[in-house]
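Chemist: Once you've had a glance at the structure underneath, I'll fire off some questions.
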Amino acid sequence: MAQNDSTYCFTKSQVKVFLTTKVELNNCKELYNDVKAQNKAITDTLNVLTIDNTKQKRKVKRNRIIAISGISAFFSTLLLLFIIK
């Protein structure tokens with residue numbers, strides 16, 4: 001590089017390499033933005049699935065409690081019937 005009155009002079013090959021690098025950096029930035037958007041979409045989906053999973057676990061637990069209560073009530077009724085007879 002030569003310097004003439006605070007003006008830089010570049011060779012054609014240096015300019016070509018600079019422009020190629022600039023294009024590659026822009027491509028990398030675009031790819032980064034795409035990956036970032038995909039990551040956000042995956043995170044959002046994971047959050048929804050986690051919420052759905054939590055709801056399902058609560059539902060199963062509630063149904064299990066209802067089933068146990070129903071079985072207990074059935075056996076209590078049978079026991080009372082045998083005691084009364």
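Chemist: Checking the structure you have, find out if any residue of the stretch 22-31 is at pLDDT 90 or above and of a type in the set (D, E, K, R).
Modeler: yes
Chemist: Going by the conditions given, is ILE83 without any contact (Cβ under 8 Å) to a residue 60 or more places away in the chain, surrounded by 10 or more Cβ atoms within 10 Å (Cβ to Cβ) and in a helix (DSSP H, G or I)? Give the derivation first.
Modeler: On the way: without any contact (Cβ under 8 Å) to a residue 60 or more places away in the chain: yes; surrounded by 10 or more Cβ atoms within 10 Å (Cβ to Cβ): no; in a helix (DSSP H, G or I): yes.
Judged against the criteria, ILE83 is not a match.
Chemist: Across the stretch 30-48, what is the number of residues that are open to solvent by 100 Å² or more (accessible area, probe 1.4 Å) and not hydroxyl-bearing (Ser, Thr, Tyr)?
Modeler: The qualifying residues number 7.
The values are calculated or read from the model by the stated rules, or taken from the named source; none is laboratory data. Nothing here was measured: the structure is a model prediction, and the numbers come from that model. Cβ sites come from the backbone with ideal geometry, for glycine too, and all protein chains shown count toward neighbours. Note: areas computed on protein heavy atoms with side chains; ligands, DNA, RNA excluded. Shrake-Rupley method; radii C 1.70, N 1.55, O 1.52, S 1.80 Å.
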